[in-house]
Amino acid sequence: MKEKIASLAEQTTHWTAEEALALISVPPDTSCGDWSLPCFTLAKKLRKAPKAIAEELAAKFPAPEGFAKTEALNGYWNFYIDKASFVKNILSDIKEKGLEFGFAKQKNKTVAIDYSSPNIGKELAFHHLRSTMLGNSLARIFKASGYKVERINHLGDWGTQFGKLIVMYLRENLPTDEQTLSGLTVKELNKLYAQFSKVSKDEPELEDKAREAFAKLEKGDEFYRKLWTAFREATLKELKRIYKIMGVDFDHYTGESFFETHIPSVVKELQAKGLLVNSQERDVVLLDELSLPPCLIRKSDGSTLYATRDLAAAIYRKKEFNFDKCLYIVDNGQALHFRQVFAVLGKIGCEWNNDCEHIPFGLILHKNEEGKWEKGKTRAGTASLLRDVIEAASEKILAVINEKNPALENKEDIATKIGVGAIVFNDLKNRRLMDVKFDWDAALSFDGATGPYVQNAHVRLCSILRKSNKNALELEFKSEELLDQNSYDLIKALSCKEEKINIACESREPCTLAQYSLELAEAAHRFIHNNRVIGSSEENSRLFLVYCTQQVLESLLELLGIAPIKEM
Ligand code: ARG
């Protein structure tokens with residue numbers, strides 16, 4: 001409808017369509033119309049009072065197509081929609097497109113998204129949730145916006161942490177036969193890790209040993225390589241188990257180790273361009289002209305660094321995917337690292353470095369003993385590992401189900417989906433740079449701005465559809481039966497889906513959809529509360545609206561990466 005108003009505005013020759021689109025707003029009070037175009041910016045240009053301009057326009061276009069009427073009020077040109085035709089358009093569109101209502105056409109553009117990308121060799125910590133879920137949702141949002149999406153897990157599977165594990169493993173004299181190695185678990189590795197931290201306090205030379213071990217691994221030592229492979233496989237197995245519970249997927253597991261063989265050519269390129277400088281026994285690229293500290297490329301023992309591998313990875317991605325955008329969903333603490341990497345890319349002539357974007361986010365905060373928010377461990381279940389948090393959340397939800405709906409089938413599975421959904425929603429509901437306050441009771445509540453609240457709205461809609469025993473797609477609806485305030489408000493909310501997806505995509509902010517899903521859930525609850533569906537004389541029309549709302553809500557939950565359960 002906004003487009004319709006914009007093209008009308010263009011006909012008046014006072015605005016261009018783009019100018020009008022930027023000005024059109026929704027009046028705070030529906031009695032002033034559904035949309036409104038302010039005429040104040042024209043006063044100077046036309047040398048007339050805005051009030052007079054609006055009056056002239058309303059008189060000239062009293063009822064353009066799709067609108068019941070237009071009116072002037074205090075310098076605003078207000079548009080009143082023809083409600084019945086609006087209702088018919090929106091609901092017919094949803095009937096045709098189903099879950100894909102509001103999605104964009106294919107754009108012939110590719111976006112590569114680097115997310116989750118944890119350092120492995122140890123277990124996923126709770127804070128890994130942020131990159132994982134923001135990236136998962138953004139991948140879905142970009143796909144809905146018509147992009148081809150390459151989902152990349154840039155695992156931290158190379159680096160001194162593996163030197164530490166190797167040193168500790170050998171020091172403990174653990175068996176290195178195939179069978180033992182292939183049976184290793186992350187728990188065991190985590191223990192080794194902890195042991196290393198403890199022991200190296202008294203024996204600081206262990207740190208050097210770990211660095212040496214990693215250098216040996218980098219030079220291709222076969223036995224070390226065998227250990228490394230076993231450590232990597234053990235962590236990857238657990239990682240994939242957790243991703244499955246969270247409903248997270250990747251197209252590529254190209255971790256840092258993958259780029260080992262690509263690094264020599266990057267270093268050569270830097271040398272050829274005269275960019276590599278030796279400083280304090282390391283090879284660096286100076287970035288003084290950008291007021292950035294030097295980017296470290298190679299240590300004195302020849303081993304490479306995080307940034308070197310990111311340079312190789314970016315070049316590889318451009319070659320492999322020819323991306324239009326490459327997004328890095330990584331915490332704000334790494335902002336400098338990405339500025340340096342993108343700058344070095346620019347220096348070696350990769351003009352596409354402008355298409356690389358760091359998408360930063362804030363921390364997860366927990367309440368400490370005094371009730372103050374701080375970075376650190378979760379209490380109340382004292383969990384800091386992601387799997388423990390998921391388990392604790394699921395258990396808490398299962399207890400609620402056992403109390404309220406003990407006969408529910410598959411209740412463990414549903415409890416996990418609600419528990420995970422609650423944690424994810426809590427993570428995505430605010431702008432990403434805000435720190436996330438994690439409070440068990442608030443996140444798991446079925447009321448308020450929570451995942452369970454939105455899932456519950458979806459469940460209610462599904463249950464009405466089930467009870468009706470009718471095939472929703474065969475229902476004939478009458479627009480005139482859906483013009484009461486509750487129905488109409490709900491339909492208006494449904495109509496915003498495309499716009500909200502656009503905003504979420506452009507701003508790289510899944511919270512746009514989280515907030516929208518809350519508004520929709522509220523409108524749905526209100527509609528259900530006030531309008532009897534089954535057995536009413538408007539049954540078919542109302543039932544069809546229930547179906548449309550269910551489709552939009554299901555799709556929104558999917559875009560957020562939350563399971564759209566049908567029962568709870
Ligand atoms: N492994 C890194 C970490 O845990 C994040 C990697 C992000 N991606 C990248 N291409 N640097 O801090």
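Assorted remarks:
- Taken together, the residues in segment 1-48 that are modelled with pLDDT under 90, outside any loop (DSSP other than H, G, I, E, B) and among the acidic types (Asp, Glu) amount to 1.
- Scanning segment 232-252 for residues that are surrounded by fewer than 17 Cβ atoms within 10 Å (Cβ to Cβ) and either within 16 Å of the ligand (Cβ to nearest atom) or not in a helix (DSSP H, G or I) (or both) yields 247, 249, 251, 252.
- When residues of segment 325-353 are limited to those that are among the polar types (S, T, N, Q) and in contact with a helix residue (DSSP H, G or I) (Cβ under 8 Å, 6 or more places away or on another chain), the one nearest to the ligand (Cβ to nearest atom): 340
- Residue 509 at pLDDT 95 or above, over 30 Å from residue 88 (Cβ atoms) and of a type in the set (Asp, Glu): yes
- Single residue of 139, 215, 144 found to be free of Cβ contacts under 8 Å to residues at least 60 places away in the same chain and hydrophobic (A, V, I, L, M, F, W, C): 139
- Number of positions in segment 123-152 that are within 13 Å of the ligand (Cβ to nearest atom), buried (at least 24 other Cβ atoms within 10 Å of the Cβ) and of a type outside the set (A, V, I, L, M, F, W, C): 2
- Close pairs (8 angstrom Cβ cut-off, 6 or more residues apart or separate chains): closer than 15 Å to residue 446 by Cβ in segment 408-419, of a type in the set (Ser, Thr, Tyr) and buried (at least 21 other Cβ atoms within 10 Å of the Cβ) anywhere: 415/394; 418/394; 419/394
- Residues of segment 167-191 satisfying the condition of being of a type in the set (Ser, Thr, Tyr) and assigned to a helix (DSSP H, G or I): 169, 180, 182
- Residues considered: 139, 194, 213. Of these, the only one that is in a helix (DSSP H, G or I), among the small types (Gly, Ala, Ser), more than 37 Å from the chain's Cα centre (by Cα) and within 23 Å of residue 236 (Cα to Cα) is 213.
- Among the residues of segment 339-374, those identified as of a type in the set (D, E, K, R) and either on the phi > 0 side of the Ramachandran plot or in contact (Cβ under 8 Å) with a residue 24 or more places away in the chain (or both) are 339, 347, 355, 357, 367.
- Answer from 284, 266 - the residue that is more than 12 Å from the ligand (Cβ to nearest atom), assigned to a helix (DSSP H, G or I) and among the aliphatic types (A, V, I, L, M): 266
- When the criteria are applied in full, residue 164 fails the requirement of being in a helix (DSSP H, G or I) and without any contact (Cβ under 8 Å) to a residue 40 or more places away in the chain.
- Take the conditions (1) at pLDDT below 95; (2) within 30 Å of residue 506 (Cβ to Cβ); residue 298 misses just one of them, which is (2).
- Residue that is surrounded by the fewest Cβ atoms within 10 Å (Cβ to Cβ) [pool: residues in segment 94-122 that are within 16 Å of the ligand (Cβ to nearest atom) and of a type in the set (D, E, K, R)]: 122
- When each of 466, 542, 532, 526 is tested for being over 30 Å from residue 420 (Cα atoms) and part of a helix (DSSP H, G or I), the lone residue that passes is 542.
- Sole exception among (1) within 12 Å of the ligand (Cβ to nearest atom); (2) in a loop (DSSP other than H, G, I, E, B) for residue 300, by number: (1)
- Those residues of segment 154-179 which are under 19 Å from residue 117 (Cα atoms) and touching an Asp or Glu at 6+ places or on another chain (Cβ under 8 Å), in sequence order: 154, 155, 156, 157, 158, 159
- Some residue of segment 287-297 being more than 14 Å from the ligand (Cβ to nearest atom), assigned to a strand (DSSP E or B) and surrounded by fewer than 16 Cβ atoms within 10 Å (Cβ to Cβ): yes
- Some residue of segment 179-188 being within 16 Å of the ligand (Cβ to nearest atom), under 15 Å from residue 234 (Cα atoms) and touching a helix residue (DSSP H, G or I) at 6+ places or on another chain (Cβ under 9 Å): yes
- Subset of segment 22-36 (residues that are more than 15 Å from residue 493 (Cα to Cα), of a type in the set (A, V, I, L, M) and surrounded by fewer than 17 Cβ atoms within 10 Å (Cβ to Cβ)): 22
- Residue identified as farther than 24 Å from residue 239 by Cα, more than 13 Å from the ligand (Cβ to nearest atom) and assigned to a strand (DSSP E or B) among 374, 357: 374
- Residue list for segment 2-13, filter: over 32 Å from the mean Cα position of the chain (by Cα) and surrounded by 18 or more Cβ atoms within 10 Å (Cβ to Cβ): 5, 8, 9
- Restricted to segment 83-92, and to residues there that are crowded, with 17+ Cβ neighbours inside 10 Å and closer than 11 Å to residue 548 by Cβ, the residue that is nearest to the ligand (Cβ to nearest atom) is 90.
- Sole residue being acidic (Asp, Glu) and surrounded by fewer than 21 Cβ atoms within 10 Å (Cβ to Cβ), chosen from 480, 509: 480
- Residues (in contact with a Lys or Arg (Cβ under 9 Å, 6 or more places away or on another chain) and not in a helix (DSSP H, G or I)) located in segment 49-66: 62, 63, 64, 65, 66
- In this entry, residue 260 passes the filter for residues that are part of a helix (DSSP H, G or I), of a type in the set (Asp, Glu) and within 16 Å of the ligand (Cβ to nearest atom).
The values are calculated or read from the model by the stated rules, or taken from the named source; none is laboratory data. Just so we're clear, the structure is a prediction, and the values are computed from it rather than from any experiment. Quick reminder, even Gly has a Cβ in these numbers, built from the backbone with ideal geometry, and neighbours come from all protein chains shown.
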